[in-house]
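**Q** Questions regarding the structure given below will be posed in turn.
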Amino acid sequence: MIDSFRTLFGSADGVRVFRAPGRVNLIGEHTDYNMGFVLPVALQLATTIAAAPARDGKLRIYSEHQREMREWNAAEIGCLERAGHWSDYPIGVARELARAGYATRPANLLIRSSVPEGSGLSSSAALEVSAALAFLRGRAMDPLDLARLCQRAEVTFVGMPCGIMDQYVSIFGRANSAVAIDCRSLEHRYVDLPSGIAFLAVNSMVKHALAGSAYRKRVEECAAAVERLRQRFAGVESLRDVTPQQLDAVELPGVIGRRARHVVTENARVERFIEASASGDLAAMGKLLVESHRSLRYDYEVSCAELDFLVDAALSVEGVYGSRMTGGGFGGCTVTMLSPTAIPRFREEIARAYQCEFHVAPAFYECQPSAGAGEFPVA
């Protein structure tokens with residue numbers, strides 16, 4: 001990568017290399033912006049940025065995936081507006097850093113990523129966090145403040161009202177562990193997963209155009225449910241505060257009732273999944289994954305034909321414990337829990353069935369829990 005940087009910019013003097021991982025969420029979908037519980041793992045798939053100071057007052061960012069160079073005056077970064085372009089992610093982060101007192105210094109950046117875009121594996125957070133580290137260039141910032149800043153960049157600059165899970169786990173991920181995050185207190189604990197299982201993400205290779213608008217609509221619908229519930233029960237600030245009994249006691253209109261039911265039951269599933277993991281109850285873990293998918297499909301309505309097919313096909317393969325869609329929905333990936341010995345058969349059978357049904361070859365990613373963001377030592 002440093003050789004590529006030198007070829008692109010003419011010199012690699014002072015280059016430093018920063019990495020931030022994508023993630024797969026095992027369970028706890030669409031609960032983070034409702035202040036609930038999630039259980040993601042950081043992945044070996046990551047965005048890596050090589051960065052070195054520039055002497056001409058410019059900030060240049062080159063994306064290998066996009067095959068495009070963008071250039072700005074570094075002193076003007078804090079004043080830039082959204083461009084509807086891939087560069088909004090790093091520029092949004094740079095603008096938030098400037099507002100937090102970390103001025104953007106002139107620099108050349110080279111972006112390389114193995115996180116597939118539109119897959120539901122959080123390529124955006126991996127880009128945001130790696131860009132933040134590259135812009136900071138060793139300047140200290142509290143890790144939680146960094147996660148909040150990157151989330152704020154996506155919400156206020158990019159315009160996606162996301163929760164904090166993706167940025168959080170990209171920073172706090174740990175090898176061989178899942179990260180149980182309380183999205184209200186912003187505290188976390190590491191969860192050791194049982195031995196003898198593997199998680200495999202399957203990319204449907206589909207990203208429907210309605211995903212962004214539907215995401216915003218779900219945020220609004222959850223807020224509407226909270227407003228109704230608050231009128232009946234004191235202390236309800238989010239769906240996190242609602243018990244199943246309270247939900248049953250209030251007749252919410254059809255759509256917002258279904259949205260609320262998903263969030264309330266999904267929070268409970270996260271806790272039960274962690275308990276089942278601690279006791280090594282693989283069957284219970286798999287059953288909860290399937291329940292999560294059915295809830296996302298019927299109550300939250302963020303699945304699609306391709307994801308439903310992948311889940312149903314997975315459950316027919318010997319050695320599979322459970323499967324569900326992961327990420328925002330309307331395309332992207334499923335995550336399947338299975339025996340490691342079943343992986344070759346699973347890949348073969350799913351690829352053949354999906355190709356036959358949709359005439360598209362799915363992509364597979366083994367989900368090995370990996371370390372969070374940091375800097376690579378450069379010799």
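Readers should treat all values here as calculations from the given coordinates under stated rules, not as data from a laboratory. Please read these numbers as outputs of a predicted model, since none were measured by experiment. Methodologically, a virtual Cβ is constructed for each residue, glycine included, from the backbone with ideal geometry; neighbour enumeration extends over all protein chains shown.
**Q** Scan around I27 for amide H atoms under 5 Å from its own, H built in the peptide plane at 1.01 Å from N, and keep only partners 5 or more places away or cross-chain.
**A** So I27 has HN proximity to L39.
**Q** In segment 1-159, what percentage of the DSSP-assigned beta bridges are antiparallel, given to the nearest 5?
**A** Working: 23 of 28 bridges.
Counting only bridges with both partners in segment 1-159, antiparallel ones make up about 80 percent.
**Q** Something else now. Between R352 and Y298, what is 0.36 nm times their sequence separation minus the Cα-Cα distance? Round to one decimal in nm. Intermediate values should be presented prior to the final figure.
**A** Values: separation 54, 0.36 × 54 = 19.44 nm, distance 2.68 nm.
16.8 nm is the gain from fully extending R352 to Y298.
**Q** Let me ask something else about it. Place a point 7 Å from Cα of F376 in the direction of its Cβ. Which residues in segment 117-132 have their backbone N less than 18 Å from it?
**A** 126-132
**Q** Turning to a different aspect of this structure: Choose one of S185, S213, A234: the residue whose Cα lies farthest towards the positive end of the charge dipole of segment 184-248 (beta-carbon charges +1 Lys, Arg; -1 Asp, Glu; about the Cα centre).
**A** It is S213, whose Cα lies furthest towards the positive end.
**Q** In whole Å, what is the distance between the alpha-carbon centres of segment 167-201 and segment 13-90?
**A** If you average the Cα positions of each part, the centres end up 21 Å apart.
**Q** Compare the Cα positions of L121, P106, G84 along the charge dipole of segment 72-185 (+1 at Cβ of Lys, Arg; -1 at Cβ of Asp, Glu; about the Cα centre) and return the one farthest towards the positive end.
**A** Toward the positive end, the furthest listed residue is P106.
**Q** Something else about it: What does the charge dipole of the chain about its Cα centre add up to, to the nearest 20 debye, if the Cβ of each Lys and Arg holds +1 and the Cβ of each Asp and Glu holds -1? If you can, show how the numbers build up before the last one.
**A** Details: 41 positive and 44 negative charges, 144 e Å.
That gives the chain a dipole magnitude of about 700 debye.
**Q** Please work out the ratio of the alpha-carbon Rg of the chain to 2.2 N^0.38 Å and round it to two decimals. Intermediate results must be reported in sequence, preceding the final value.
**A** Values: Rg = 21.0 Å, N = 379, 2.2 N^0.38 = 21.0 Å.
Taking the Cα Rg and dividing by 2.2 N^0.38 Å, one obtains 1.00.
**Q** Another question about this same structure. Less than 14 Å Cβ to Cβ from G10, Lys/Arg counted +1 and Asp/Glu -1: what total charge do the surrounding residues give?
**A** On the way: positive: R6, R55, K58, R60; negative: D3, D13, D56.
Overall, the nearby charge balance is +1.
**Q** Springs between alpha-carbon atoms under 10 Å, Gaussian network over the chain: tell me which of S119, S63, S195 tops the mean-square fluctuations.
**A** S195
**Q** Using a Förster distance of 35 Å, how high is the FRET efficiency between A361 and F233, based on the Cβ-Cβ distance and rounded to 0.05?
**A** Working: r = 49 Å, r/R0 = 1.41.
For R0 = 35 Å, the calculated efficiency reads 0.10.
**Q** Mind telling me which of V317, V250, V179 comes out most flexible in a GNM of the chain, alpha-carbon contacts under 10 Å?
**A** V250
**Q** For the chain, set up a GNM with springs between Cα atoms under 10 Å and report which of G332, G280, G28 has the largest fluctuation.
**A** G280
**Q** I've got another one for you. Could you work out how far apart the two model spin labels at K217 and A140 are, taking each label as a point 7 Å from the Cα in the direction of the beta carbon, and quote it in nm?
**A** 4.8 nm
**Q** Continuing with this model, one more query. Relative to the present Cα-Cα distance, how much length would full extension add between R99 and E275 at 0.36 nm per residue of separation?
**A** Working: separation 176, 0.36 × 176 = 63.36 nm, distance 4.18 nm.
Result: 59.2 nm gained on full extension.
**Q** Once the Cβ-Cβ distance between Q246 and E76 is put in as r, and R0 is 45 Å, what FRET efficiency do you end up with, to the nearest 0.05? Walk me through the numbers on the way to the answer.
**A** Working: r = 51 Å, r/R0 = 1.12.
Once the sixth-power term is evaluated, E becomes 0.35.
**Q** Give me Y300, Y102 sorted ascending by neighbouring Cβ count inside 10 Å, so fewest comes first. Don't skip to the answer; put the middle values down first.
**A** Values: Y300 23, Y102 18.
Exposure proxy ranking, most exposed first: Y102, Y300.
**Q** Could you compute the net charge surrounding L133? Neighbours are other residues with a C-beta less than 11 Å from the C-beta of L133; K and R count +1, D and E count -1. Walk me through the numbers on the way to the answer.
**A** Details: positive: R16, R19, R137, R139; negative: E128, E375.
So the surrounding residues net to +2.
**Q** While we're here: Compute the acute angle (0 to 90°) between the alpha-carbon long axis of helix 305-315 and the principal axis of greatest extent of the alpha-carbon atoms of the chain; round to the nearest 10°.
**A** Around 70 degrees separate the two axes.
**Q** Using +1 at the C-beta of Lys and Arg and -1 at the C-beta of Asp and Glu, which of F9, L26, V158 has the Cα lying farthest in the positive direction of the dipole of the chain?
**A** Working it through, the farthest residue towards the positive pole turns out to be F9.
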